[in-house]
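I have placed the structure first, in the form of structure tokens, so that the comments after it can refer back to it.
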Ligand SMILES: Nc1nc2c(ncn2[C@@H]2O[C@H](COP(=O)(O)OP(=O)(O)OP(=O)(O)O)[C@@H](O)[C@H]2O)c(=O)[nH]1
Ligand SMILES: [Mg+2]
């Protein structure tokens with residue numbers, strides 16, 4: 001759950017990138033790291049084998065101060081390989097928002113499903129109800145699954161985000177989508193706008209300025 005300290009005027013959020021093996025979760029984080037102003041980011045921590053498999057998790061801390069408020073956003077990825085189930089649950093604990101990074105390769109759609117089911121089980125066990133943004137990554141591949149027939153993961157009206165994380169395309173709009181959805185989900189409980197004196201759109205614009213985004217990235221989110 002978000003850490004909200006009204007006395008210290010500090011908000012800490014935890015976002016988790018979840019999804020099947022090799023869908024591009026770590027690549028999303030690397031692209032995000034490349035975009036965030038060096039003043040506003042901590043070290044990108046990754047632990048991988050030589051063939052790009054995440055062993056434990058990746059973490060990118062993003063932090064900044066604005067109008068006397070201190071924001072910390074901790075962005076994690078889980079390891080996608082089936083054997084790391086226990087690790088995924090640990091990383092998901094306390095998440096405020098989730099990005100589900102799906103494959104666009106038609107040959108790997110079953111892996112998307114398996115991972116989605118795994119996510120549902122973990123969230124149920126952890127009693128977590130948090131917003132989930134779906135990103136179809138690797139749109140640069142030939143023969144991508146068309147969006148109009150793509151799996152919408154149990155929600156026919158679900159908005160699907162697209163990315164080609166290797167080139168950084170789509171990475172920021174996905175990030176702003178999960179950030180906005182997370183703010184919206186926390187607002188009824190914490191009354192963030194009122195108690196921090198920051199409107200949602202100002203919060204989004206401030207983050208945008210600190211992660212090297214443009215207004216367009218928020219709007220298309
Ligand atoms: N063509 C293409 N390749 C990509 C894209 N994003 C990631 N990749 C490649 O896919 C492979 C896996 O990417 P990772 O980011 O390590 O995948 P992951 O989801 O973190 O994998 P696990 O940690 O094992 O779950 C790497 O070789 C990436 O370069 C993309 O948008 N397009
Ligand atoms: Mg990884």
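The values are calculated or read from the model by the stated rules, or taken from the named source; none is laboratory data. The structure presented is a predicted model; accordingly, all values stated were derived computationally and were not measured. Glycine also receives a Cβ, built like all others from the backbone with ideal geometry; neighbour counts cover every protein chain displayed.
Residue 37 falls short on exactly one of the conditions (1) within 23 Å of residue 173 (Cβ to Cβ); (2) away from ligand 1 (no atom under 16 Å from the Cβ); (3) in contact with a strand residue (DSSP E or B) (Cβ under 7 Å, 6 or more places away or on another chain); (4) in contact (Cβ under 8 Å) with a residue 40 or more places away in the chain, and that condition is (3).
Taking first residues from the range 196-208 that are farther than 15 Å from residue 219 by Cβ and partners that are surrounded by 15 or more Cβ atoms within 10 Å (Cβ to Cβ), the Cβ contacts under 6 Å between residues at least 6 apart in sequence or on separate chains come to 196/69; 199/193; 206/66.
Here's the yes/no breakdown for (1) part of a strand (DSSP E or B); (2) more than 12 Å from ligand 2 (Cβ to nearest atom); (3) at pLDDT below 95:
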site	(1), (2), (3)
51	no, no, yes
76	yes, no, no
87	no, no, yes
100	yes, yes, no
109	no, yes, no
112	no, yes, no
115	no, yes, no
128	no, yes, no
135	yes, yes, no
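Each residue in the range 80-113 was checked for being surrounded by 14 or more Cβ atoms within 10 Å (Cβ to Cβ) and touching a residue at least 40 places away in the same chain (Cβ under 8 Å), and 21 of them qualify.
Taken together, the residues in the range 20-32 that are more than 9 Å from ligand 2 (Cβ to nearest atom) and more than 13 Å from the chain's Cα centre (by Cα) amount to 1. Annotation: residue 69 fulfils all but one of (1) at pLDDT 90 or above; (2) surrounded by fewer than 18 Cβ atoms within 10 Å (Cβ to Cβ); (3) touching a helix residue (DSSP H, G or I) at 6+ places or on another chain (Cβ under 8 Å); the unmet one is (1). Do the conditions hold for residue 65, that is, is it more than 14 Å from ligand 2 (Cβ to nearest atom), more than 18 Å from the chain's Cα centre (by Cα) and more than 17 Å from residue 13 (Cβ to Cβ)? So residue 65 fails the test. Scanning the range 76-108 for residues that are under 22 Å from residue 184 (Cβ atoms) and touching a helix residue (DSSP H, G or I) at 6+ places or on another chain (Cβ under 6 Å) gives 76, 92, 96, 97, 99, 101.
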